[in-house]
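Below: the structure, in structure tokens.
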Amino acid sequence: MATTEEDTINDKPMPLLEHLVELRRRLLWSGAAFMVAFFICYHFSSEIYSFLARPLADILESKGGYNRTLIYTQLYEAFFTYIRVAFFGAAFIAFPVIATQIWLFIAPGLYRSEKRAFLPFLAATPVLFVAGAALAYYFVFPAAWRFFLSFETPTGGGGIPIQLMPKVGEYLDLVMKLIFAFGVAFQLPVGLSLMAKVGIVSSAGLKKYRKYAYVGMFIIAAILAPPDVITQFGLAIPLIGLYEISILTAKLVEPKPLAD
């Protein structure tokens, strides 16, 4: 690729040892940011877990279940659940710092035009992840939990009630899996736009294979989401919308054909 005087690599020659020292510095900053965020999140782990459990608690209260509780059946289960909550929260809080350290490490080796090209994708990644997580928390969770709770019966077989008694660890596993699945799935425009930017895919190709992509979205939703229709549709429909957005963004960033 030809470069101009303005489009240069803003870097100086550096021996391998100095590159390793620089990598170590960035890893230390990232690790320190994560550890600080982890201890803060562990201090507030009970509040964070309560926030994650709020959609379930609201539905239980609406059903008159004011005395319903989350249970744990092993002595160490609650402790390790709070540890995982702290890791989960720390990953969210420390991500901007970690992403910045990664950028500071690789940016000196990029041309200025490449930096301008990659920065929008870097900025869009956390925004789209949070958007996906918010969709899961505020819209999919209430609908899915209400569906699951509809199978409770006041009197089950032989007159014995069938009632949900969720475990803290299992509930957290499900919530984290869905938040992560929705957050990663919402990176679709970033991934496809970046591939269009470097010429791997094109907007015309994305349009051509649109119907196959739609089928793929439902397959992805079936793999990532629990085996219920509500959650799978709650993930597949936004993915289809994001695919259509990806076609538009790919058209904007893809290399333009050279004029004859």
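If ILE200 meets every condition in (1) surrounded by fewer than 21 Cβ atoms within 10 Å (Cβ to Cβ); (2) among the hydrophobic types (A, V, I, L, M, F, W, C); (3) part of a helix (DSSP H, G or I) apart from one, which number is that one?
Only one criterion in (1) surrounded by fewer than 21 Cβ atoms within 10 Å (Cβ to Cβ); (2) among the hydrophobic types (A, V, I, L, M, F, W, C); (3) part of a helix (DSSP H, G or I) is unmet by ILE200, namely (3).
Just checking, does the stretch 73-94 include any residue being assigned to a helix (DSSP H, G or I), closer than 21 Å to ALA33 by Cβ and either modelled with pLDDT under 85 or of a type in the set (Ser, Thr, Tyr) (or both)?
Looking for residues that are assigned to a helix (DSSP H, G or I), closer than 21 Å to ALA33 by Cβ and either modelled with pLDDT under 85 or of a type in the set (Ser, Thr, Tyr) (or both), one finds at least one in the stretch 73-94, hence yes.
Restrict the check to the stretch 127-140 and report whether at least one residue is closer than 20 Å to LEU70 by Cα and of a type outside the set (D, E, K, R).
yes
Where the second residue is in a helix (DSSP H, G or I) and surrounded by 14 or more Cβ atoms within 10 Å (Cβ to Cβ) and the first is basic (Lys, Arg) and lies in the stretch 66-89, which pairs have Cβ atoms under 6 Å and are six or more apart or on separate chains?
From the stretch 66-89, the pairs are ARG68/LEU60.
Does the stretch 68-85 contain at least one residue that is over 24 Å from TRP145 (Cα atoms) and aliphatic (A, V, I, L, M)?
Yes, some residue in the stretch 68-85 is over 24 Å from TRP145 (Cα atoms) and aliphatic (A, V, I, L, M).
Looking at the stretch 150-197 only, could you name the residues that are part of a helix (DSSP H, G or I), at pLDDT below 85 and closer than 27 Å to SER62 by Cβ?
If the condition is that a residue be part of a helix (DSSP H, G or I), at pLDDT below 85 and closer than 27 Å to SER62 by Cβ, then GLY157, GLY159 are the ones that fit.
If I ask for residues that are of a type outside the set (Val, Ile, Thr) and surrounded by fewer than 23 Cβ atoms within 10 Å (Cβ to Cβ), which ones from the stretch 176-191 would you list?
MET176, LYS177, PHE180, ALA181, GLY183, GLN187, LEU188, PRO189, GLY191 - these are the residues of the stretch 176-191 that are of a type outside the set (Val, Ile, Thr) and surrounded by fewer than 23 Cβ atoms within 10 Å (Cβ to Cβ).
For PRO108, are the conditions met, namely being part of a helix (DSSP H, G or I) and touching an Asp or Glu at 6+ places or on another chain (Cβ under 9 Å)?
Answer is yes for this residue.
Do the conditions hold for GLU61, that is, is it under 24 Å from TRP145 (Cβ atoms), surrounded by fewer than 14 Cβ atoms within 10 Å (Cβ to Cβ), out of contact with any helix residue (DSSP H, G or I) (no Cβ under 6 Å at 6 or more places or on another chain) and at pLDDT 90 or above?
no
Among the residues of the stretch 135-143, is there at least one that is surrounded by 16 or more Cβ atoms within 10 Å (Cβ to Cβ), at pLDDT 85 or above, out of contact with any Gly (no Cβ under 8 Å at 6 or more places or on another chain) and among the β-branched types (Val, Ile, Thr)?
no
Just need a number here: residues in the stretch 1-55 that are modelled with pLDDT under 90 and either within 30 Å of TRP145 (Cβ to Cβ) or of a type in the set (A, V, I, L, M) (or both).
Residues that pass the stated criteria total 9.
Looking at PRO154, PRO126, PRO166, PRO120, which one is over 24 Å from the mean Cα position of the chain (by Cα) and either surrounded by fewer than 17 Cβ atoms within 10 Å (Cβ to Cβ) or over 14 Å from LEU52 (Cβ atoms) (or both)?
PRO154
The values are calculated or read from the model by the stated rules, or taken from the named source; none is laboratory data. None of these values were measured; they are calculated from a predicted model. With ideal geometry, Cβ positions are generated from the backbone for all residues, glycine too; neighbour counts draw on all protein chains shown.
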